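So the structure is just underneath, and the comments pick up after that.
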Amino acid sequence: MRWEPNARGRLERAAMELYRERGYDHTTVAQIAERAGLTERTFFRHFADKREILFAGGAELQRLVVAAVASAPASASPLGAAVAGIEAAGTMLEERRGRRFARQRQRIIAASPELRERELHKLAAMAAGVSEALRERGAGEPGASILGEVAVAIFRIAFERWVAESSGPGLLELMRESLDELQALTAQGQPAGVRA
C-alpha cells in the first residue's frame, strides 16, 4: 500500500472545491478523488461517503458538548451546564475550522435537501445528548429536554449569525448575546394565567 501524504486533507479540499463549483448533488466520489490526485479506494479509507466530508467531525463535536455539560461545576445551574456544552462546541468550531470554512460548508448544506436533513439530525442528536447529560446531573423532566433544545437553538441561531458575516463578533460572543436575549425575554412580565 502506497502512503499518500495528507490524503484526508487533500480529499476535503477537493470536495469543497467541487461542491462549490458543481454543487453537492452533481459531484461524485470519483471526481473528488481525481481532483485530489488520489484513488476512490483511498477516498473510502478516509470517508464512508461524500456526505462525510461535511459531517466527519459531528460525533467528536457531540462528545465534546456532552463532556462539557457533564464536567460543568456542580454549582452550575442546569442552564449554565447546557451553555458550557455549546460554548465548548463554539470554541472548537472557531479554533479548528474558522468562519470562512463554516460559511462555505453552510452554503453547500443549504443548497441540498439531503444535507439539510442530515444537519437537522445532527442538531437533534446534540440536543438529546445535552438533555441526557443534564438528567445525569440530576435535572428532572421535562426541564432537561427543554434545556437541551434551548441550548441547541442558541447554538444554531448564533452559528447562523456568525456565518452570515465575514467579520464581526465571534461565535462565542454571539451565543452569549443570544442567551442574554433569551434571559431578557423570559424576565419580562408574563400574561395573566402564564407561569414563569
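Quick notes on this structure:
- Environment charge at residue 141 (Cβ cut-off 14 Å; Lys +1, Arg +1, Asp -1, Glu -1): -1
- Ordering 134, 33, 78 by the projection of their Cα atoms onto the charge dipole of the chain, which places +1 on the Cβ of Lys and Arg and -1 on the Cβ of Asp and Glu, puts 33 at the extreme positive end.
- Residues residue 60 and residue 20, FRET efficiency given R0 of 35 Å [Cβ-Cβ distance, rounded to 0.05]: 0.90
- With contributions of -39500 (n - 2.57) from each DSSP H run of at least four residues, the per-residue ellipticity at 222 nm computed over the chain stands at -23500 deg cm²/dmol.
- Listed values [x] 65, 35, 32; [y] 65, 32, 27; [z] 69, 45, 39, entry calculated as Cα extents along the principal axes in Å: [y]
- Each of 150, 6, 89 was scored by the projection of its Cα onto the charge dipole of the chain, and the greatest displacement toward the positive side belongs to 6; charges sit on the C-beta of Lys, Arg, Asp and Glu.
- Ordering 72-80, 14-22 by mean Cβ neighbour count within 10 Å, with the highest value first, yields 14-22, 72-80.
- Mean Kyte hydropathy of -1.0 or more with a Cα span along the axis of at least 15 Å, helices from DSSP in the chain: 58-70, 78-96, 113-136, 143-164, 171-187
- A simple spin-label model places pseudo-atoms 7 Å from Cα toward Cβ; at residue 71 and residue 137 they are separated by 1.4 nm.
- The spacing between the range 149-180 and the range 12-83, judged by their C-alpha centroids, is 20 Å.
- Sorting 86, 32 by the number of Cβ atoms found within 10 Å of their own Cβ, with the fewest placed first, yields 32, 86.
- Length gained when the stretch residue 91-residue 124 is fully extended (0.36 nm per residue, less Cα-Cα span): 9.9 nm
- Fewest neighbouring Cβ atoms within 10 Å first, the residues 71, 178 line up as 71, 178.
All of the numbers you see were taken from the coordinates with simple rules; none came from a lab. In this text the structure is predicted, and so the values were computed from the model without any measurement. Virtual Cβ from ideal backbone geometry, glycine too; neighbours counted across all protein chains shown.
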